[in-house]
Amino acid sequence: MEMEELERKLSAAGADYRNIPVPKNMEEKLNKSLRDAGKAHKFRIPSIAAAAMIAVVLLPNTGAGIAYAMGSIPVVGKLFQAVTFRDYQYEDDRFHADVQIPQITAKDLDPGQQSTGTFGELEETIEQINFDIEETTKQLIAEFESSATLGESYNDLVIRHETVTDDEHYFALKLFIYQGAGSGTQSCKVYTIDKASGKQIQLGDLFREDSDYNSRISENIREQMRAAVTEDAGNTYWVDREDKPDMNWKGLTAEQDFYFDTDGNLVLAFDEYEVAPGFMGAQEFTVEKSVYGDLLK
């Protein structure tokens, strides 16, 4: 798969920046920009190549090296269609951008469904998600163009997307982002929609209020980290650090990026630096339904 090959190449490049400290002020800078735009959203700073359900982004053609292309990608689900509205390309000796800018729309609903509250909820959800990704992408491209204008150092921006869940219950689209400037950073953002309600949901929405899902699932992930270190001493995670206990991963949050795999298991997605040093890149952990199934709503 093209996406998997791209991820492997980006991960391989991580060996060149082993133990790079977390970039300072990255998250604050992006979130401030989004707040200034009128709507702040959780976004953990860039990391692996990406894009997703995105609204129209009207970006000026600022140089001969930039090109836009119109196109589309196949239908991604019975209720959804993702269309690549624009591509953003930039290429010179030191700067490279390859960005897909799609949009998600609802489709194939009969008139009866379109008149229901669920359809109205779905329309609002799609609008909110598209706006979120539009603002995020515009900000990333603006930062890239600023660097290219200054002409200092090197810079790469790659954005891709992948449908990671599309079953009878949920649709989830994962946004991958890679930014390279000497080294590189990888991140992801997953948008999960409950098809029954038409709402975008967070991890905490899946579980009963009285359940302690966080502790149970977080400990399962820690066990996977320990097993990975035992299997390969080259693996490093923020777990069991007695010398620097403050660095240990604190556990899941209610807004943790997630999706379901084809077997119905929960997959938790983490940006670079969240659970491990930078050289480990972005991380994902699959937690089998048997671990948490009795805690679901």
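The values are calculated or read from the model by the stated rules, or taken from the named source; none is laboratory data. Computed from a predicted structure; not experimentally measured. Positions of Cβ are backbone-derived with ideal geometry, glycine not excepted, and every protein chain shown enters the neighbour counts.
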Self-check item: region 182-214 - residue that is among the β-branched types (Val, Ile, Thr) and in a strand (DSSP E or B) and, of those, farthest from the chain's Cα centre (by Cα)
Solution: 193
Quiz item: Do we find a residue being outside the structural domain of residue 268 (by TED's automatic domain parsing) and among the aliphatic types (A, V, I, L, M) anywhere in region 184-193?
Solution: yes
Exercise. Looking only at region 92-107, decide whether some residue is surrounded by fewer than 17 Cβ atoms within 10 Å (Cβ to Cβ), in the same structural domain as residue 188 (by TED's automatic domain parsing), at pLDDT below 75 and closer than 28 Å to residue 170 by Cβ.
Key: yes
Exercise. Examine region 255-277 for a residue that is assigned to a helix (DSSP H, G or I) and either touching a Gly at 6+ places or on another chain (Cβ under 9 Å) or surrounded by 18 or more Cβ atoms within 10 Å (Cβ to Cβ) (or both), and state whether such a residue exists.
Key: no
Practice problem: Mind listing whichever residues of region 167-181 are over 15 Å from residue 137 (Cβ atoms) and assigned to a strand (DSSP E or B)? | Solution: 170, 171, 172, 180, 181
Exercise. Exactly one condition in (1) in contact with a Ser or Thr (Cβ under 6 Å, 6 or more places away or on another chain); (2) modelled with pLDDT of 95 or more; (3) polar (S, T, N, Q) is not met by residue 215; state its number.
Key: (1)
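From 242, 223, 231, 272, grab the single residue that is on the phi < 0 side of the Ramachandran plot, touching a residue at least 24 places away in the same chain (Cβ under 8 Å) and of a type outside the set (A, V, I, L, M, F, W, C).
Criteria check complete, one pass: 272.
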Exercise. From (1) crowded, with 17+ Cβ neighbours inside 10 Å; (2) assigned to a loop (DSSP other than H, G, I, E, B), pick out the condition that doesn't hold for residue 240.
Key: (1)
Quiz item: Only one of (1) in contact with a strand residue (DSSP E or B) (Cβ under 9 Å, 6 or more places away or on another chain); (2) closer than 28 Å to residue 127 by Cβ is not met by residue 255, so which one is it?
Solution: (1)
Quiz item: Considering 140, 122, which residue is hydrophobic (A, V, I, L, M, F, W, C) and at pLDDT 90 or above?
Solution: 140
Quiz item: Hey, any hits in region 149-159 for a residue that's over 20 Å from residue 259 (Cβ atoms), at pLDDT below 90, loosely packed, with under 13 Cβ neighbours inside 10 Å and among the hydrophobic types (A, V, I, L, M, F, W, C)?
Solution: yes
